[in-house]
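Structure below; questions to follow.
Readers should treat all values here as calculations from the given coordinates under stated rules, not as data from a laboratory. Predicted model only: the values in this text are computed from it and were never measured. Every residue, glycine as well, gets a Cβ built from its backbone with ideal geometry; the counts of neighbours run over all protein chains shown.
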């Protein structure tokens with residue numbers, strides 16, 4: 001998965017496709033219109049919580065909104081994983097890479113069946129969540145160790 005656009009361009013596209021003005025987005029999100037204008041003019045990039053809010057209000061894929069080469073529309077199952085585990089941009093990128101794996105799946109030189117792809121994607125998502133939780137636990141343990149060690153220094 002590669003970055004093909006930027007947030008400002010994608011935000012503008014989402015607004016245009018929904019015939020929505022920045023003022024209306026401001027009203028729906030509670031974010032100052034001047035802040036939204038700064039996002040649209042590439043002065044600032046939104047933080048994760050605002051990015052999630054924009055994606056939800058505009059009903060677009062969060063990864064798409066950040067500029068990645070993924071479908072614009074949301075996938076409710078994907079959104080639940082993204083929201084439940086509050087994926088960072090790097091984690092979101094990794095998750096999208098896993099999903100892309102099944103799109104080109106072949107067996108014996110032939111494309112895999114739709115059912116095989118769905119089953120594999122389900123397994124890969126479960127694996128991703130387990131690996132993500134382990135990584136986060138390891139990072140938290142490392143932080144705790146550093147904190148304890150700094151008390152003794």
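To the nearest whole percent, what portion of all C-alpha pairs in the chain is separated by more than 23 angstrom?
49 percent
Still on this structure: If I build a Gaussian network model for the chain, linking alpha-carbon pairs within less than 10 angstrom, which residue out of 109, 67, 30 has the largest mean-square fluctuation?
Looking only at 109, 67, 30, the largest GNM fluctuation is found for 109.
Just 86, 139, 119 to compare: in a GNM of the chain, with alpha carbon springs under 10 Å, which one fluctuates most?
139
Taking 37 °C and 0.692 mPa s as the conditions, I'd like the Stokes-Einstein D for the stretch 1-91 in µm²/s, using the Kirkwood hydrodynamic radius from alpha carbon pairs.
On the way: Rh = 13.2 Å.
D, rounded to a whole number, is 248 µm²/s.
Let me ask something additional. Quickly rank 4-16, 122-134 as a protection proxy: mean count of other C-beta atoms within 10 Å, highest first.
Details: 4-16: 16.2, 122-134: 12.9.
So the peptides 4-16, 122-134, ranked by packing, come out 4-16, 122-134.
Taking 8 Å as the Cα distance limit and 6 or more residues as the minimum spacing, I'd like the relative contact order of the stretch 1-136 as a percentage.
RCO, the stretch 1-136: 23 percent.
Would you compute, from DSSP H runs of 4+ residues alone, the mean residue ellipticity of the chain at 222 nm, taking -39500 (n - 2.57) per run and dividing by the full residue count, rounded to the nearest 500?
Calculated from helices alone, the mean residue ellipticity at 222 nm is -22000 deg cm²/dmol.
While we're here: Expressed in whole Å with the largest first, what are the equivalent ellipsoid semi-axes of the stretch 74-153 derived from the C-alpha gyration tensor as the square root of 5 times each eigenvalue?
35, 14, 9
What whole-number distance in Å separates the alpha-carbon centres of the stretch 22-90 and the stretch 97-153?
Answer, in whole Å: 23.
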